[in-house]
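Data first, discussion second: the structure below is written as structure tokens.
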Amino acid sequence: MNIIKFPYEMQAYCRELRQKRASIGFVPTMGFLHEGHLSLVRRAKKENDTVIVSIFVNPAQFGPDEDLERYPRNFEKDISLLKSEGVELVFHPKASDMYPEGYATFIDVEQVTNRLCGLSRPSHFKGVATIVAKLFNIVGQCRSYFGQKDYQQTVVVKKMVRDLHLDVEVVVCPTVREADGLAISSRNSYLQPDERTAATVLIKALRAGEAEALRLRPCGKVEAAKVTDAMQSVLENELMAEVEYVEAADPDTLERLKQLNGKAILALAVRIGRTRLIDNLIMEI
Ligand code: AMP
């Protein structure tokens, strides 16, 4: 396996791959890899000649009071997992090489960043779009794989790719869950045992919302408020859960829906203790 640290070196390597006509599957991550990340790697491997994984905890996407310092890291374990998946190339740059002294260029995707997670994390998606654009420029033409778990991120990245004419095909892969339905996340490692039990309330609330929508469907109108109320009441039963948002939104624009008619995303963000968790479910009515 080749581990490359410098952006210019990575760029040269990817250029060579393209000259050899090798298709590139690219999986950007912040490391502390789990089955969710590995599902993206496997899909990328199936669909491309070469798979590149980047491991970079991107300071630009963390707010001033967020968990940048304590974000979990285990580079050795990540590498061993990627070796067992047969990944040939890992990009692992330093923050000082990605954002050198005097760095001043950021990407701001408008509209879709002003909703859902964007409301409580105002600079988060600017940091995400900036790092993803930089990584796409380094890797060059590729298919890039993202998880539905971070649904708003996939909308932001797709919009940026379209708006900036980037030569990247964005592939969105299903959320991988624990046996009890909790979406796997690096941040789950923060949860104390009682918090881990409480965290199943996210998927329970989403499923309750979906069930309510399907129950209302034969009656004609499916009011979004009834669906989010059903989600809220499940969340209220879990005393450890502090709700940030519960929404039924348009999957493309992320605008809040009044009625469910066609495709909808049910999405929520909940704090369990000090840990902020997100999840979502796409449904068709
Ligand atoms: P992160 O390291 O958290 O930035 O995640 C890197 C990529 O893995 C993102 O595209 C995430 O959406 C994706 N991902 C994280 N957790 C999961 C999961 N449980 N299932 C599928 N994809 C995931």
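For the reader, a short list of remarks on this structure follows.
- Shape call, region 138-285: gyration tensor on alpha carbons, a/c limit 1.5: oblate
- Using a Förster distance of 25 Å, the FRET efficiency for residue 69-residue 111 (Cβ separation, nearest 0.05): 0.20
- Residue separation of residue 35 and residue 95 scaled by 0.36 nm, minus their Cα-Cα distance, works out to 19.0 nm of gained length.
- Shape class of region 2-173 from the alpha-carbon gyration tensor: rounded, with the ratio a/c of largest to smallest axis under 1.5.
- For residue 279, the amide hydrogen comes within under 5 Å of the amide hydrogens of 268, counting only partners 5 or more places away or on other chains and with H modelled in the peptide plane.
- Each stretch of four or more DSSP H residues adds -39500 (n - 2.57); spread over every residue of the chain, this sum gives -11500 deg cm²/dmol at 222 nm.
- Highest mean packing first, where packing is the average number of other Cβ atoms within 10 Å per residue, the peptides 161-168, 63-70, 180-187 line up as 180-187, 161-168, 63-70.
- R0 of 35 Å, Cβ-Cβ distance residue 244-residue 77: FRET efficiency to nearest 0.05: 0.70
- Region 236-277 and region 73-108 have Cα centres separated by 30 Å.
- Which of 94, 20 has the fewest Cβ neighbours within 10 Å, and the rest in rising order: 20, 94
- The protection proxy used here, the mean number of other Cβ atoms lying within 10 Å of each residue, ranks peptides 22-31, 258-267, 169-178, 96-105 as follows, highest first: 22-31, 258-267, 169-178, 96-105.
- Sequence-distant contacts, meaning Cα pairs under 8 Å at least 6 residues apart, place the relative contact order of the chain at 17 percent.
Taken together, the values in this text are just the output of simple stated rules run on the coordinates, not laboratory data. Computed from a predicted structure; not experimentally measured. So basically every Cβ, Gly included, is an ideal-geometry build from the backbone, and we count neighbours across all protein chains shown.
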